[in-house]
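Just below is one structure, and these are the notes that go with it.
Read-outs throughout are calculated quantities, based only on the coordinates presented, and are distinct from any laboratory measurement. Note that the structure is a prediction, hence the values are computed from the model and not measured. Here Cβ is always computed from backbone atoms with ideal geometry, including for glycine, and neighbour counts include all displayed protein chains.
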Amino acid sequence: MDVSSRTDDLAGLRRRMAAMSGRPDRHSVQTRDPAAGVLPIPEPLSEVLPHNGIPRGTVARFDGANSLLVAMIASVTRAGGQVGIVGMPRLSLLSAVEMGADLSRIATIPDPGIDPVEVAAVLLDGMDLVVLGRVGPGTADAVAPSRARVVMGRVRKLSSVLLVAGGAWPGAQLTIEARVLTYRHSPLLSGATDLDSARSGYGRIGGMRLQVTASGRGRQSQSTEVDLLVRGQGADRTVELVSTTRARPVLAVAN
């Protein structure tokens, strides 16, 4: 791709994002409501995250079960925010809808080309949350520290949040990890409530229990457990995230 073609593509992307967000093209930061200084997240996660959410201007890492990532995307769009998703073609938007997401507020770039970091940086202008997936060489898992600092400066300037999923990012201020503890059984044909007590080969998975751990610079790691519960079937199917425990400190072991 030559320089002129790349410039045209990025300019077109900026126009699409401006139209989606309902704002004209802009090159300066617009004033935001001070009360909107924290990105809304599912309530069960509030106790483990700083300021009960993700502060705007933050670069965060996410690792683990994508179900929690989808729940976070749904939470932002329900609150009226705009979300850009870069390089995650397998992320389930159907699951996002089942969690209450507003698809009109989600822009997806499943194949961002050779430089997904640049695409994510463009999306920051007009998006409240940009999710950058790990899609191969030259992306978030191999970004140089000097370039990471430039993008982080842009995140701060635009008061957005960049969430790097499944990859490394030098200097990330926050890390969120989601680990599946157990799966729940949908008791269609029996009274079983988990897979261990369910009859083998019958019923469906009706949710899961996750352990969520949040850690960051200058704060103690905290962990909580949440349940993803599936309710209803077919067009009436919904997925809800509920808390099961209070947040508790996680002991860090020095290497």
When the label point is put 7 Å from the Cα of Glu240 along its Cα-to-beta-carbon vector, which residues of segment 203-231 have a backbone N closer than 11 Å? 229-231
Rule-of-thumb check for segment 89-183: C-alpha Rg over 2.2 N^0.38 Å? 1.13
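How big is D for segment 37-113, in µm² s⁻¹ as a whole number, if Stokes-Einstein is applied with the Kirkwood radius of its Cα pairs at 10 °C and 1.306 mPa s? Walk me through the numbers on the way to the answer.
Working: Rh = 13.0 Å.
My calculation gives 122 µm²/s for D.
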